[in-house]
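One structure is given below, encoded as structure tokens.
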Amino acid sequence: MEDHVECGDKIHKKNKTTSVKNVPEGESNKRDRASVEANDSPVKSASKGSSKRVSFSEAVEVFPPSKRRDKKIVQEDGLVRGKRFSQDEDEMVREAVHNYINTHGLGEEGLEMVLNCKKYPEVKHCWKEIGAALPWRPSESVYYRAHILFERGEKHSWTQEEVEIVRKFHEKHGANWKTLAEALGKHRFHVKDTWRRIKLPNAKKGHWSQDEYQNLFDLVNMDLRMKAFEEKKSKHGMLRDNICWTAISDQLGTRSNALCCMKWYNQLTSPMVAEGKWLDTDDYYLLNELYNQDACCMEDVDWDNLLEHRPGDVCRKRWNQMVKHLGEHKNKSFAEQVEVLMERYCPDVLEAREAYKSKPAVP
């Protein structure tokens with residue numbers, strides 16, 4: 001894999017791009033400003049927090065779509081989604097399951113019946129009752145968590161023999177994780193995650209190299225560019241950017257899909273996005289303005305007038321967040337640092353993101 005892909009429509013200093021604050025009020029700017037206004041409100045930001053959570057494109061459907069609530073209710077019901085269960089919540093899930101088994105006199109087979117309720121008509125709707133013990137969590141989430149808590153067993157680590165079994169099983173049977181999980185006495189999610197870890201023979205741990213950073217940006221940028229040519233599915237409304245992290249991990253070759261996703265959203269994306277003080281697209285506008293100013297150092301930048309829709313201290317704060325991941329490039333001049341970041345935040349990706357966002361969602 002090459003170190004990095006050339007950015008489309010790369011900006012050259014002899015042919016400056018138009019400054020954001022001088023762009024006429026077109027449709028793109030109107031959309032961006034409308035989105036900015038919506039995110040600048042703390043109340044609105046909090047009410048839409050669920051849409052900003054990180055989700056994987058390859059998420060498994062637990063319940064049939066016909067039994068799921070419609071999208072509008074999912075967004076407005078105020079239930080907690082995308083947040084790790086606490087130890088107290090885990091204990092409540094265990095207690096709720098045991099209480100259900102005891103109350104209904106299910107005996108020793110109760111746990112088997114509850115965890116595989118589709119096979120037992122008498123407990124078909126058990127998760128509505130069990131889930132009521134955690135009213136702030138969707139019953140689907142409680143269902144998922146209970147399976148993980150009760151099926152992972154006492155032993156959390158994997159032996160080398162078990163890892164080899166997973167490898168050989170996948171070679172012969174593919175991703176039939178449920179069958180293998182039953183044979184190993186583990187949860188299918190854990191088996192699947194183990195395969196994701198061992199399928200990368202060149203996997204690395206610890207600090208990311210600058211080549212890995214650039215390659216990650218190149219792959220994500222390519223994925224976002226392709227979105228401009230795809231239909232916008234309404235079912236992806238709860239998936240942030242709908243990026244296929246498994247495909248990106250496979251091509252990167254050194255990090256799992258979970259690590260790629262967490263690196264992108266927990267470190268490379270500004271935390272100010274979740275706070276409603278910044279937009280993902282603002283990164284491109286910020287770097288474009290810095291590139292056009294030809295500043296020799298941070299002190300030469302007129303931060304207060306850099307972006308008309310963002311305060312100067314917010315712009316400078318975002319810049320400081322960006323340079324944290326420059327590694328050895330931190331020793332370069334300010335102008336050279338801007339050049340490095342322009343290679344990562346390719347200008348044409350902004351157009352692709354706005355084009356995809358403007359598309360009407362289809363069922």
Across region 325-350, what is the total count of residues that are assigned to a loop (DSSP other than H, G, I, E, B) and either outside the structural domain of Leu287 (by TED's automatic domain parsing) or not polar (S, T, N, Q) (or both)? 5
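Yes/no matrix, rows are residues, columns are (1) within 20 Å of the chain's Cα centre (by Cα); (2) within 21 Å of Lys357 (Cα to Cα); (3) of a type in the set (S, T, N, Q); (4) not in a helix (DSSP H, G or I):
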site: Asp250; (1), (2), (3), (4): yes, no, no, no
site: Arg255; (1), (2), (3), (4): yes, no, no, yes
site: Leu259; (1), (2), (3), (4): yes, no, no, no
site: Met262; (1), (2), (3), (4): yes, no, no, no
site: Tyr265; (1), (2), (3), (4): yes, yes, no, no
site: Glu275; (1), (2), (3), (4): yes, yes, no, yes
site: Leu279; (1), (2), (3), (4): yes, yes, no, yes
site: Asn292; (1), (2), (3), (4): no, no, yes, no
site: Cys296; (1), (2), (3), (4): no, no, no, yes
Scan region 84-130 residue by residue and report those that are among the small types (Gly, Ala, Ser), assigned to a loop (DSSP other than H, G, I, E, B) and farther than 30 Å from Met262 by Cα. Gly105
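Residues checked against (1) modelled with pLDDT of 95 or more; (2) more than 22 Å from Phe334 (Cβ to Cβ); (3) loosely packed, with under 15 Cβ neighbours inside 10 Å:
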residue: Arg255; (1), (2), (3): no, yes, no
residue: Lys277; (1), (2), (3): yes, yes, no
residue: Thr281; (1), (2), (3): no, yes, no
residue: Asn292; (1), (2), (3): no, no, no
residue: Ala295; (1), (2), (3): no, no, no
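The values are calculated or read from the model by the stated rules, or taken from the named source; none is laboratory data. These figures come from a predicted structure and were not determined experimentally. Please note: Cβ atoms are built from the backbone with ideal geometry, for glycine as well, and neighbour counts cover all protein chains shown.
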